[in-house]
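A.B. asks: Below is the structure I would like to discuss, written out as structure tokens.
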Amino acid sequence: MITLYIQVSAAGKLDSEGPPSYQEATTGYEEMQAQFSWDDKAVRRIFIRKVYAILMIQLLVTVAIVSVFTFWEPVRFFIQTHPGLYMASYLTFFATYIALSCCGDLRRQFPWNLILLTVFTLSMACMMGFVSSFYNTKSVTLCLGITALVCLSVTIFSFQTKIDVTSCHGVLFVLCVVMLLCAVTLSIVVPFGYVPWLHAIYAVIGAILFTLFLAFDTQLLIGNKSYTLSPEEYIFAALNIYLDIIYLFSFLLQIFGGGRE
């Protein structure tokens with residue numbers, strides 16, 4: 001009798017309480033959501049700092065190598081008389097770029113990701129140093145300054161604007177097609193005679209394209225746009241932004257650069 005009374009009393013208590021209300025069921029949800037949002041922002045800030053720390057090291061190494069190849073006469077003479085070094089740098093650059101771009105597990109695996117990125121940066125820096133050695137020092141310095149100003153302006157714009165550049169991939173694709181057509185036309189025309197205005201158009205389109213790519217890749221870091229990068233992809237993010245800056249510098253050099261006398 002006592003057991004039966006306890007069971008009936010418990011059942012009556014449950015029936016009297018009923019299921020929890022919506023407010024009771026969702027109590028603490030907003031606090032949990034705010035906590036998760038704060039954690040995500042903290043991780044994103046660490047990710048952005050890590051990417052730009054790697055990028056600054058890459059750019060400092062590149063500027064140092066370009067300066068040595070441009071301003072130091074013995075080094076400039078040596079590399080200009082040994083074009084095979086450029087081909088070796090290009091093959092190394094291409095191999096490491098394929099490895100870092102296509103092998104997701106490899107670019108996330110420490111320390112191989114940093115080793116490959118270091119080799120990639122040194123090979124690209126040597127390539128740009130070889131190209132810069134054929135231009136006069138004033139042109140190289142001018143293009144370095146313009147590249148720095150453009151990168152600073154685009155970075156500030158990308159972080160402050162409400163425009164979602166990552167959703168404009170169609171425009172980037174069209175510009176890539178136009179640039180490809182200009183490159184094909186140049187390859188056909190150049191053997192019959194150099195056309196300066198066609199080369200200038202190609203260089204201007206290339207500078208505009210990689211300026212837009214710089215804004216695109218910068219906004220991929222932010223995390224609140226149509227497309228974002230995972231915080232694990234700090235090597236890939238640094239690689240993309242570094243390539244955008246290097247190609248922008250190379251096209252500016254073709255526009256404003258003057259050959260050595």
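Just so it is clear, none of the values below were taken in a lab; they were calculated from the coordinates. Model, not experiment: these values are computed from the prediction. So basically every Cβ, Gly included, is an ideal-geometry build from the backbone, and we count neighbours across all protein chains shown.
A.B. asks: Expressed in nm to one decimal, what extension gain is obtained for the pair Ile46 and Ala99 from 0.36 nm per residue of sequence separation less their Cα-Cα distance? Show your work: numbers first, answer last.
C.D. replies: Numbers: separation 53, 0.36 × 53 = 19.08 nm, distance 2.52 nm.
Once the chain is fully extended between Ile46 and Ala99, it gains 16.6 nm.
A.B. asks: Contour minus end-to-end for Ser226 and Gln160, with contour as 0.36 nm per residue of separation and end-to-end as the Cα-Cα distance?
C.D. replies: Working: separation 66, 0.36 × 66 = 23.76 nm, distance 1.58 nm.
Gain on extension, Ser226 to Gln160, equals 22.2 nm.
A.B. asks: What are the chymotrypsin sites (Phe, Trp or Tyr not before Pro) within the stretch 168-226 that DSSP puts in a loop, where the Cβ has at most 14 other Cβ atoms within 10 Å?
C.D. replies: Working: sites: Phe173, Phe192, Tyr194, Trp197, Tyr202, Phe210, Phe213, Phe216; in loops: Tyr194.
Here the chymotrypsin sites (Phe, Trp or Tyr not before Pro) that fit, given the DSSP loop and packing criteria, are Tyr194.
A.B. asks: For Cα pairs less than 8 Å apart in space and 6+ apart in sequence, what is the mean separation divided by the residue count of the stretch 45-256, i.e. the relative contact order in percent?
C.D. replies: 29 percent
A.B. asks: In angstroms, what radius of gyration and Dmax does the stretch 106-261 have, counting Cα atoms only?
C.D. replies: Spelled out, the Cα radius of gyration and Dmax of the stretch 106-261 are 17.2, 50 Å.
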